[in-house]
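The values are calculated or read from the model by the stated rules, or taken from the named source; none is laboratory data. Nothing here was measured: the structure is a model prediction, and the numbers come from that model. Neighbour counts are summed over all protein chains in view; Cβ atoms, including those assigned to glycine, are modelled from backbone coordinates with ideal geometry. All accessible areas refer to the heavy atoms of the entire protein, side chains included, with ligands and DNA or RNA removed. Shrake-Rupley method; radii C 1.70, N 1.55, O 1.52, S 1.80 Å.
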Number of protein chains: 2
Amino acid sequence: MRPAALLRSDKGLGTPGTDRKKAKPAVSPVIDDRKDHFVVRNGVRCAGVHLIVDLYDARHLDNIDRIDEALRRAVAAAGATLLHIHLHHFEPNGGVSGVAVLAESHISIHTWPEANYAALDVFMCGDAKPEACIPVLREAFKPNRIVVGEHLRGQGT
Amino acid sequence: MRPAALLRSDKGLGTPGTDRKKAKPAVSPVIDDRKDHFVVRNGVRCAGVHLIVDLYDARHLDNIDRIDEALRRAVAAAGATLLHIHLHHFEPNGGVSGVAVLAESHISIHTWPEANYAALDVFMCGDAKPEACIPVLREAFKPNRIVVGEHLRGQGT
């Protein structure tokens with residue numbers, strides 16, 4: 001059974017409070033929960049690798065359970081650490097917007113089921129493997145076309 | 001007073017449940033809470049405008065309250081609608097990772113205070129003005145250098 005049931009919002013668009021997690025203050029040994037140390041990619045030192053992923057002619061884009069599962073699988077495939085996941089289901093078109101916040105940065109998704117299009121970002125630092133998310137997304141959403149661009153964020157920092 | 005106090009997590013990196021908001025099912029008039037209809041930018045029809053924003057030699061990047069306020073101000077400046085905000089404060093370096101999920105897509109932030117660097121994404125659709133976030137970020141974090149790239153997501157959909 002899923003740990004969090006669907007929440008129904010009657011107002012929906014109020015002023016949300018900030019949902020925060022703060023690591024335990026240092027008492028005895030400090031544990032660094034951050035896993036986004038700088039990486040070297042293609043010989044370039046950078047803060048992280050950011051994949052811009054566009055899915056065209058894709059399926060299941062209004063299925064929030066499938067999207068939830070796909071994001072979790074993508075996180076696992078990349079060897080990343082999930083801190084928080086939030087998905088919002090829009091009506092009446094069924095589109096979903098949401099994000100998985102990671103110890104290594106984030107994965108975001110926005111879907112337009114009426115256009116069979118989804119825009120994802122896979123931003124990962126440290127030892128995580130962002131490219132390992134792509135086969136998971138392909139399997140979950142069966143796009144006829146997938147376009148992946150890469151940014152090396154924070155070069156020269 | 002802030003509506004949400006800091007949450008202390010003793011385990012931190014467990015398996016988070018999905019935090020979801022589902023709009024109220026259609027009963028009487030259906031209200032479409034989605035505001036990310038397709039836009040035309042520079043003559044190109046697309047699903048949304050995605051700004052890749054890198055702040056170099058920036059300040060206050062370990063100040064979670066300032067980051068929270070900056071994101072909220074950026075959302076307001078853009079004329080966007082905040083659905084959910086989540087910020088994670090890392091220790092011991094004080095970096096912050098988080099996201100504001102919007103009716104028009106999202107703003108994400110990852111900061112590396114030790115490098116005075118922050119990576120933000122401002123992804124907005126519909127009538128929101130993503131470029132209006134830039135002066136807010138400049139004011140909040142005082143970067144000596146700011147690099148903004150633009151992607152038109154979902155062209156041709």
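Before moving on, here are some points about what is shown:
- Exposure check, 1.4 Å probe, all protein chains in place: B:Asp68 carries approximately 0 Å² of accessible surface.
- The phi-based Karplus calculation (6.51 cos²θ - 1.76 cosθ + 1.60; θ = phi - 60°) puts the 3J(HN,Hα) values of the range A:103-119 at 5, 9, 2, 6, 10, 10, 9, 9, 10, 10, x, 5, 10, 6, 10, 9, 10 Hz, whole numbers, x for Gly and Pro.
- Distance from the C-alpha centroid of the range A:138-157 to that of the range B:71-97: 23 Å, rounded to the whole angstrom.
- Cut-off under 5 Å, modelled amide H: who pairs with A:Glu150 long-range: A:Ile52
- Charge dipole magnitude, Cβ of K and R +1, D and E -1 - the range B:52-157, Cα centre, debye nearest 20: 200
- Accessible solvent surface per residue of the range B:36-83, calculated while the other protein chains remain in place, 1.4 angstrom probe, Å²: 39
- Using a 1.4 angstrom probe on protein heavy atoms only, the contact between A and B buries about 7300 square angstrom of accessible area, both sides summed.
- Averaged over A:105-117, number of beta-carbon atoms from partner chains that fall within 10 Å: 5
- With DNA, RNA and ligands ignored, accessible area of B:Thr157 (1.4 Å probe; Å², nearest 10): 40
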